[in-house]
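Undergrad: Next up is a structure, given as structure tokens.
The values are calculated or read from the model by the stated rules, or taken from the named source; none is laboratory data. The model shown is predicted, which means the values in this text are computed figures rather than measured ones. As a convention, Cβ positions derive from the backbone with ideal geometry for all residues, glycine included, and neighbour counts pool all protein chains shown.
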């Protein structure tokens, strides 16, 4: 079944730079607050060079000193990038990581944050993402909502996320840090995944139990609205994956890693951005208010203990979120 995409065309021509510039400028100002003289590192793969050039132009316009570092696509979400890329990010004041495959859960992002840089990853980013949808949001308001929810989550012992389509997953989170990927990264060590806006947390390894029914998107595969994927989770691991071609893709992908850590249930993610589009991009789907997602594989980058060869997200709509048995978010309605 077809569905509309709000931005009616992609522009594979130089004119797209003009349309992307307002979004890129917003990233430099409201989101990152880039200051004159700051070193802005833009690390991209070969598929995202034009987006990197737009970000560099916006950084230069506000007085930043942009440097573009380009590398071949890694071929897997969460796979490590070349060490020179890690080094460049670690020496930045601000970093932007527009890539085909996610490098959020890699040393490039981790070492940058450890060194006091601030920045954003932008996995599976498409050019229209800088033009419409989530990038139009008020990220300060998203941050306020996220901080409200996160303050409660930081004191919680358990989290449960469910949906009318069949998701029902529980995990223990005592002592685990809340990650505020709300879209603002103005202070050293802050991080985002623009134009996604979310909070997330790594459950304690071995504690997650339940079922995930992904009916929005499987990272790396695409939209699964018409072919939901069902994950069975026991003692913190994905034990079974059922569905159509998307499920086949995931089973084959995970098996190819030949590493048991790839099956770790790594993350509970809660979308915050009301302007994100549904089914338009991975960034929109992970960050849309009312949507939930879970990561499989690495969680060492978000406060967990597992360093896996991947991190793959599955997202679903109409999420109901509970902290210690209290519903705090019901299908996009914030209750706290």
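Undergrad: Can you tell me how many residues in region 83-106 are at pLDDT 95 or above and over 12 Å from residue 44 (Cβ atoms)?
TA: So the answer is 9.
Undergrad: OK, next. Can residue 299 be described as in contact with a strand residue (DSSP E or B) (Cβ under 6 Å, 6 or more places away or on another chain) and either modelled with pLDDT under 95 or surrounded by fewer than 21 Cβ atoms within 10 Å (Cβ to Cβ) (or both)?
TA: No: the conditions fail for residue 299.
Undergrad: Would you be able to say whether some residue in region 278-293 is under 16 Å from residue 159 (Cα atoms), in contact (Cβ under 8 Å) with a residue 60 or more places away in the chain, more than 15 Å from the chain's Cα centre (by Cα) and not in a strand (DSSP E or B)?
TA: No, every residue in region 278-293 fails to be under 16 Å from residue 159 (Cα atoms), in contact (Cβ under 8 Å) with a residue 60 or more places away in the chain, more than 15 Å from the chain's Cα centre (by Cα) and not in a strand (DSSP E or B).
Undergrad: Restricting attention to region 202-222, report how many residues are farther than 10 Å from residue 171 by Cα and either over 20 Å from the mean Cα position of the chain (by Cα) or in contact (Cβ under 8 Å) with a residue 60 or more places away in the chain (or both).
TA: Matching residues across region 202-222 total 10.
Undergrad: When you look at residue 261, is it within 22 Å of the chain's Cα centre (by Cα), over 30 Å from residue 153 (Cα atoms) and touching a residue at least 40 places away in the same chain (Cβ under 8 Å), yes or no?
TA: For residue 261, the condition - within 22 Å of the chain's Cα centre (by Cα), over 30 Å from residue 153 (Cα atoms) and touching a residue at least 40 places away in the same chain (Cβ under 8 Å) - is not met.
Undergrad: Since residue 266 meets every condition but one in (1) over 28 Å from residue 107 (Cβ atoms); (2) touching a helix residue (DSSP H, G or I) at 6+ places or on another chain (Cβ under 8 Å); (3) outside any loop (DSSP other than H, G, I, E, B), which condition does it not meet?
TA: (1)
Undergrad: Identify the residue in region 59-85 that is crowded, with 20+ Cβ neighbours inside 10 Å and touching a helix residue (DSSP H, G or I) at 6+ places or on another chain (Cβ under 8 Å) and, among all such residues, is farthest from residue 220 (Cα to Cα).
TA: The extreme case among them is 64.
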